[in-house]
Amino acid sequence: MTRILGLFLYGSSLIALLLTGGHIAQLIQAFPVEHLASYGPRIPAVAALNARWLPHAPVLLFGTAAVSVLAAAGTWRSRSQVPNRPFALAALAAANYFLSFYCSMSLLIA
């Protein structure tokens, strides 16, 4: 049962990474960084900082998904007996969810 739960959490975290990356890419294409200047002469520093790195967020998210798949495959197929393989998948899923949520909130702040 824990295997199924670990795989479900991990699979849904990969979906979250890919969907967030695609969503951010579409929004950055529709509203580029220069769009912030249309709100007025004063741009908050946090919004400017987030807007500066957000165009690179899809690459970060897709790259994290690829590295995460490699790490999960290495953990799952290792010859040594790792008793907590579902826990390792759940820990990878937590990191994936955190990065996805962080990029979404940075987009909201920007």
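Per-residue SASA remark: PHE62, around 90 Å² accessible (1.4 Å probe; ligands, DNA and RNA not included). With 0.36 nm allotted per residue and the present C-alpha distance subtracted, the SER104-GLU34 stretch has 23.3 nm of extension available.
Of the listed values [x] 13.1, 35; [y] 17.3, 60; [z] 18.2, 68, grab the one calculated as Rg and Dmax of the Cα atoms in Å from the structure here. Label of the calculated value: [y]. Tell me, what % of the accessible area of the chain is carbon and sulfur with a 1.4 angstrom probe? Summing carbon and sulfur atoms, their accessible area is 72 percent of the total for the chain.
Taken one residue at a time, the phi angles of segment 54-68 give Karplus couplings (6.51, -1.76, 1.60, θ = phi - 60°) of 5, x, 8, 4, x, 5, 4, 5, 5, x, 5, 4, 5, 5, 5 Hz. Gly and Pro are set to x.
Scalar couplings 3J(HN,Hα) for segment 31-38, obtained by applying the Karplus form with A = 6.51, B = -1.76, C = 1.60 to θ = phi - 60°, are 10, x, 4, 5, 5, 4, 5, 6 Hz; x denotes Gly and Pro.
At 0.36 nm per residue, minus the direct Cα-Cα distance, what do LEU49 and LEU27 gain on full extension? Give it in nm, one decimal, please. Working shown, then result.
Numbers: separation 22, 0.36 × 22 = 7.92 nm, distance 1.69 nm.
Taking LEU49 through LEU27 to full extension adds about 6.2 nm, to one decimal.
The residues of the chain present an accessible area of 67 Å² per residue when probed at 1.4 Å with all protein chains retained. For segment 41-47, the Karplus equation 6.51 cos²θ - 1.76 cosθ + 1.60, evaluated at θ = phi - 60°, returns couplings of x, 9, 10, x, 4, 5, 5 Hz by residue, with Gly and Pro reported as x.
The values are calculated or read from the model by the stated rules, or taken from the named source; none is laboratory data. Since this is a predicted model, take the numbers as computed values, not measurements. Just so you know, the surface numbers come from the protein's heavy atoms only, side chains and all, with ligands and any DNA or RNA stripped out. Shrake-Rupley method; radii C 1.70, N 1.55, O 1.52, S 1.80 Å.
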